[in-house]
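Asker: After the structure tokens below, expect a handful of questions from me.
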Amino acid sequence: MKKTSLYDEHLNLGAKIINFGSWQMPVQYSGIIEEHKAVRNAAGLFDASHMGEVLISGKDALNLVQRLITNDASQMKAGKVIYSPMCYEDGGIVDDLLVYKLENDQYMMVVNASNTTKDLRWINKNAELFENVDVVDKSEYYALIALQGPLSLQIISSIMDEGMDKGISDLKYYSFVKTEVNGIDAIVSRTGYTGELGFEIYLEKGKAAPVWSMLLEAGNKKGLKPAGLGARDTLRLEKAMCLYGNDIDETTNPLEADLAWTVELSKEDFNGKKELEKVKEAGIDRKLVGFVMSERGIPRHGYEVKVEGKVVGEVTSGSYSPSLDRNIGLAYIDKEYTSIGRKIDISIRKRDVNAKIVEKPFI
Amino acid sequence: MSTPNDLYYTENHEWISLDGEEGVVGITEHAQEELGDIVYVELPTVDEGLDQFEEFGVIESVKAVSDVFTPVSCVVTEINESLMDQPELINEDPYGDGWLIKVELKDKSELDELMDSNEYKTFLEGE
């Protein structure tokens, strides 16, 4: 099992460690609900070092990126970030990822930890189509610390040298700067997986621990808490952000996953384009929707969705929502049953429990 | 890890205490800690008969779904209604306000199959 460079910090903080793919990661420290609320009301600090980073560079870097992703990277300026699915030819999703344009002819893809090996295989296979492109796996090089929550700007600014903090406070959503955090080279982007104001900090692995400790200390009096994978999941679910392996995978396409805003069908050929064009023309069969339980019961991944006793879909994510104090979920449901406000049943341990389709995100 | 002396324990981390013919059943400190924040509880109905080690309810934390099993054959005489609105009582006081069900035992000799506090402590160390 792999450990991030912050593993000892997690142990010292009393984290409960779980196996997550091939990684040993903190699932919680003080408790998922407490950590969740800290992120919504103050700030939370996450170790996301298990994520993979793939550097794509060379004259054909943009061409390769454009072939791989469904979103359009051609208009990006250096310093920008976009979110995109990466599809196979059949339109199934290989992974969902962030693309950073580091400079002209140089991009960094940030991919899900459990998909890194598979993604690299796919990226390298596509790279063979181009002459001038290098693909380098930087996953072992980078640690990734995510500072998320309304007070995150205050906290990160407080540990940056004067002048450097200006770049951070001016940062727009889905932008990044190459800067120094307490004298350590870092890429800091205004991105995250919580829906709150927040920053993701990429650092050389060996230098992550002091930055982690400094952020914890700087935020301590402001209500910052270290937060684990448990809170990361409830936070992203409330914002209806997809989790690969739960809500999207190789058997789902971006259009039915309600990610049409990340699919640029007008750009030149890319993996999955033909299939996605067909799907768009024919219309999707099912759609990923959000729902709230009307009765007692917590929806979970894999539970059936029913309408008048007939199975019409399946839950992909579900949990207690700490912000709403209600039970919420995402589900693929046959298109004709996906109108907002429609009553559905979730089959929980052979019992049909009432729920209602609602607008996403939940909060 | 607290394991009160006067209780009997199962390998699935339930406990039962005995007061005359009546037993009280709950989950252990260790079990609640492993589960994390408990947010949902499903319990049987009063008068339901249960065999020893039969599943009688479900406890869900934010992340996990866990079945609970009765330590002895019994009839349910009372359920802890306050858990419906305050499932967190199980986290806060697993041996007290966080009890799950009260039962009438069918066969007290089944208690011999359970662990006492010291045995359970040793069992936890081995897990």
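The values are calculated or read from the model by the stated rules, or taken from the named source; none is laboratory data. Keep in mind that this is a model prediction, so the values were computed, not measured. Here the Cβ is made from the backbone with ideal geometry for all residues, glycine too, and neighbour counts use every protein chain on show. Only protein heavy atoms, including side chains, enter the accessible area calculation; ligands, DNA and RNA are left aside. Shrake-Rupley method; radii C 1.70, N 1.55, O 1.52, S 1.80 Å.
Asker: Each residue of segment B:81-91 in order: what ³J(HN,Hα) in whole Hz does its phi give by Karplus 6.51 cos²θ - 1.76 cosθ + 1.60, θ = phi - 60°, with x for Gly and Pro?
Answerer: Rounded to whole hertz, the list is 4, 5, 5, 4, 9, 10, x, 5, 4, 5, 5.
Asker: Show me, for segment B:51-62, the HN-Hα J-couplings you get by feeding each phi into the Karplus relation (A = 6.51, B = -1.76, C = 1.60, θ = phi - 60°), rounded to Hz, glycine and proline as x.
Answerer: 3J(HN,Hα) across segment B:51-62, in whole Hz: 7, 4, 6, 7, 5, 10, x, 9, 10, 10, 9, 3.
Asker: Here's a follow-up. If DNA, RNA and ligands are ignored and the probe is 1.4 Å, what is the ranking of B:Ser66, B:Ser61 by accessible area, most exposed first? Intermediate results must be reported in sequence, preceding the final value.
Answerer: Values: B:Ser66 35, B:Ser61 0 Å².
Solvent-accessible surface, decreasing: B:Ser66, B:Ser61.
Asker: Something else: Karplus couplings for segment A:189-197 from phi (6.51 cos²θ - 1.76 cosθ + 1.60, θ = phi - 60°), rounded to Hz, Gly and Pro as x?
Answerer: Result, rounded to whole Hz: 10, 8, 9, x, 10, 10, x, 9, 3.
Asker: Another one. When only the heavy atoms of the protein chains count and the probe is 1.4 Å, how do A:Glu200, A:Glu295 rank by accessible area, highest first? Don't jump to the answer; show the numbers that get you there.
Answerer: Numbers: A:Glu200 15, A:Glu295 85 Å².
Most to least solvent-accessible, the answer reads A:Glu295, A:Glu200.
Asker: Report, as an integer, the average count of C-beta atoms from other chains found within 10 Å of each Cβ along B:39-49.
Answerer: For peptide B:39-49, the averaged partner shielding equals 2.
Asker: Right, something else. Under the definition of Cα pairs under 8 Å and six or more residues apart, what whole-number percent is the relative contact order of segment A:249-299?
Answerer: 41 percent.
Asker: Could you tell me which of rounded, prolate or oblate describes segment A:226-348, using a ≥ b ≥ c as the square roots of the eigenvalues of the alpha-carbon gyration tensor, with rounded for a/c under 1.5 and, failing that, prolate when a/b is larger than b/c and oblate otherwise?
Answerer: Cα axes put segment A:226-348 in the oblate bin.
Asker: Where in segment B:99-127 does the label zone of B:Asn12 land, with the point 7 angstrom along Cα→C-beta and an amide N cut-off under 18 Å?
Answerer: Zone members listed by number: B:99-107, B:110-116, B:120, B:124.
Asker: Quick check on chain A: take the gyration tensor over C-alpha atoms, sort the square-rooted eigenvalues as a ≥ b ≥ c, and tell me if it's rounded (a/c under 1.5), prolate or oblate.
Answerer: Note, shape of chain A comes out oblate.
Asker: So for the pair B:Met1, B:Glu88, with labels modelled 7 Å out along Cα→Cβ, what separation do we get in nm?
Answerer: With each label placed 7 Å out from Cα toward Cβ, I get 2.5 nm.
Asker: Moving on. Note down the nm distance, to one decimal, between modelled labels 7 Å out along Cα→Cβ at A:Phe130 and at A:Ser339.
Answerer: 4.6
Asker: When a/c reaches 1.5 or more, the comparison of a/b and b/c decides; with that in mind, is segment A:122-167 rounded, prolate or oblate per its Cα gyration tensor?
Answerer: On the way: a/c = 3.64, a/b = 2.79, b/c = 1.31.
Prolate.
Asker: I would also like to ask the following. Which net charge results for the neighbourhood of A:Ala78, defined as the other residues with beta-carbon distances under 15 angstrom from its beta-carbon, given Lys and Arg at +1 and Asp and Glu at -1?
Answerer: Neighbour charge sum, excluding A:Ala78 itself: +3.
Asker: Kindly provide the helix-only [θ] at 222 nm of chain A, computed as the sum of -39,500 (n - 2.57) over DSSP H runs of four or more divided by all residues, to the nearest 500 deg cm²/dmol? Don't jump to the answer; show the numbers that get you there.
Answerer: Details: 9 runs with 82 residues, N = 363.
For chain A, the value works out to -6500 deg cm²/dmol.
Asker: Nearest 0.05, what FRET efficiency do A:Gln106 and A:Asp161 give at R0 = 25 Å with Cβ-Cβ as r?
Answerer: In this case the efficiency is close to 0.45.
Asker: Oh, and also: Over all directions, average the projected area of the Cα convex hull of segment B:8-108 and note it in nm².
Answerer: 5.4
Asker: Excluding residues on the same chain fewer than 8 positions from A:Lys2, give the lysines whose Cα lies under 19 Å from its Cα.
Answerer: A:Lys16, A:Lys118, A:Lys138, A:Lys205, A:Lys207
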